[in-house]
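Have a look at the structure below before the remarks.
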Amino acid sequence: MGIALTRPLRVEYEEAFYHITARGNERKPIFRDARDRQEMLDILNDAKDCHGINIYAYVLMDNHYHLLIETPRANLVRFMHRLQTVYTNRFNSRHKRAGHLFQGRYKSILVEKENYLLELTRYIHLNPVRAGIARLPEEFQWSSYRSYLGIEKSPFLSTGWLLGQFSARNIKTAQLKYRTFVQDGLSDNFHNPFKDLYAGFILGAESFSRSVIHRIKERELSPEIPAQITGKLSPQVSDVKEAVLKEFGITEEELFRRRYNTKALKISLYLARLLTDAPVGVIARELGSRHYSFVSQSAREIEEERNKDTTLSKLLESIEKKIRVNSQLKT
C-alpha cells in the first residue's frame, strides 16, 4: 500500500481532520510583531466562518504556524488559499514588501481523530516551550492553549470535544486534567506523534490509513492532487538494503559491522527514512538493530552532506531510482 508523489498530496473529504504547517520563505519571519499575529487570528476567524471550518488548536511561532482543523465541507484547499493569500497581501502591504511570504506549499497531514487529535494538540501547544521561547506553554500568548485552560477566550476555537475527553460534566476539572496531560509531554519519554506518519501525509492506525488510500483510489480527486498516483507498494527497507549492498559491493554482514562501511550504513538509513513508510523503530531493527536516535541522526547527516556534495547527491539519486524500479517490479 503506497503512494508515489511529485508534489504534496491534497486529499479532501467531508469531516476530515488535518494538521497544517506553513513556514516563511527562506525560513524568514511571517510574524514580526503582535499586530501581525492578531491579523492572522482575525483572518483565521473570517476564513473559518466563510468555509465552515472547525479549529481545534493553533500556535503562531515567528517563522511558521501550526493548525489542527476539521473540514465538514471537504474544502481544505479553498480555506487555505483564502487564509494564506489574504494574510500575505496584508503583511506585504503593512511592511511595504512584495513577493512570496510562505515557503512553497503548506504541508497538510490527514489525522485520525480518535487516536491522534489529543496528542497533536499537546504537540502544538508545547512548540513554544520546545523552541525555548517560553518556560511553560501558558506563558506564550499566541496559541490556543490559554483558551483550553480558561485563561482567555477565542471566538473561533472548538474546545468542546477535546475537553470532553477529560470531563463531560465539569469544565474546570477538564481544564486541570488537560493541563496535566500537556505538562506530561515535557518528560523525556514523550512520544512524538509524527514518528507514526504513514506515506508522508497520513497519521492514524493501519485501518485509517487504508481507508484514506481507498478514498484516493475510488473517488474523483481534486485538481490539487497530482496525476501521478500509484496503488503499488512503496519501497520496503529490504529494497533499500539490497540496493545499497549492490552499489557498494559489500555483504550484509559487512554493512552492519561496527566501524565498517559507516557511510553505506548511514546512506541505507537515510534512504529508508526517505523512501519507505516504515517507522523509525522498524528501520533501526532491520538495519543492524541500531538505536532509533542513530537512524534520525544519520539521516540528518546525509541530508546535510547531500546539499553540499554534488557527487553524493548524484549517487543518492541513482540508488533511489534503482530502489523505486526494483520495488515496483516485485509487485
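Some notes on this structure:
- The listed residues are Thr331, Thr276, and the only one of them that is at pLDDT below 85, surrounded by 18 or more Cβ atoms within 10 Å (Cβ to Cβ) and not acidic (Asp, Glu) turns out to be Thr276.
To keep it simple, each residue is scored yes or no on (1) under 21 Å from the mean Cα position of the chain (by Cα); (2) surrounded by 14 or more Cβ atoms within 10 Å (Cβ to Cβ); (3) within 18 Å of Phe31 (Cβ to Cβ).
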{"position": "Pro128", "(1), (2), (3)": "yes, yes, yes"}
{"position": "Gly132", "(1), (2), (3)": "yes, no, yes"}
{"position": "Glu138", "(1), (2), (3)": "no, yes, no"}
{"position": "Ser143", "(1), (2), (3)": "yes, yes, yes"}
{"position": "Arg146", "(1), (2), (3)": "no, yes, yes"}
{"position": "Gly150", "(1), (2), (3)": "no, yes, no"}
{"position": "Thr159", "(1), (2), (3)": "no, yes, no"}
{"position": "Lys172", "(1), (2), (3)": "no, no, no"}
{"position": "Leu176", "(1), (2), (3)": "no, yes, no"}
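- Remark: pairs (first residue in the range 35-64, within 23 Å of Pro137 (Cβ to Cβ); second residue among the polar types (S, T, N, Q) and not in a helix (DSSP H, G or I); Cβ separation under 7 Å; 6+ apart in sequence or on different chains) = Asn54/Ser158; Ile55/Ser158; Tyr56/Ser158; Ala57/Ser144; Tyr58/Ser143; Tyr58/Ser144; Val59/Ser143; His64/Thr21.
- Checked against (1) at pLDDT below 80; (2) under 26 Å from Asp196 (Cα atoms), Glu304 passes all but condition (1).
- Cβ-Cβ distances below 7 Å connect the following pairs, each with a first residue in the range 271-300 that is in a helix (DSSP H, G or I), a second residue that is modelled with pLDDT of 80 or more and of a type in the set (Lys, Arg), and a separation of six or more residues or different chains: Val280/Lys195; Ile283/Arg273; Val295/Arg273; Ser298/Lys266; Ala299/Arg273.
- Verdict on Asn115 being in contact with a strand residue (DSSP E or B) (Cβ under 7 Å, 6 or more places away or on another chain) and either under 25 Å from Tyr13 (Cα atoms) or assigned by TED's automatic domain parsing to the domain that holds Arg179 (or both): no
- Taken together, the criteria exclude Glu26 from residues that are in contact with an Asp or Glu (Cβ under 7 Å, 6 or more places away or on another chain) and touching a residue at least 40 places away in the same chain (Cβ under 8 Å).
- Check on Ala57, crowded, with 20+ Cβ neighbours inside 10 Å, touching a strand residue (DSSP E or B) at 6+ places or on another chain (Cβ under 7 Å) and small (Gly, Ala, Ser): yes
- Test: residue in the range 141-149 that is in contact (Cβ under 8 Å) with a residue 40 or more places away in the chain and among the aliphatic types (A, V, I, L, M): no
- Residue that is nearest to Tyr178 (Cα to Cα) [pool: residues in the range 71-83 that are touching a residue at least 40 places away in the same chain (Cβ under 8 Å) and surrounded by fewer than 21 Cβ atoms within 10 Å (Cβ to Cβ)]: Pro72
- Against the conditions (1) under 17 Å from Lys113 (Cα atoms); (2) at pLDDT below 90; (3) touching a helix residue (DSSP H, G or I) at 6+ places or on another chain (Cβ under 6 Å), Leu157 satisfies every one except (2).
The values are calculated or read from the model by the stated rules, or taken from the named source; none is laboratory data. What you see is a predicted model; the values in this text were computed from it and never measured. Every residue, glycine among them, receives a Cβ derived from its backbone with ideal geometry; neighbour counts consider all protein chains shown.
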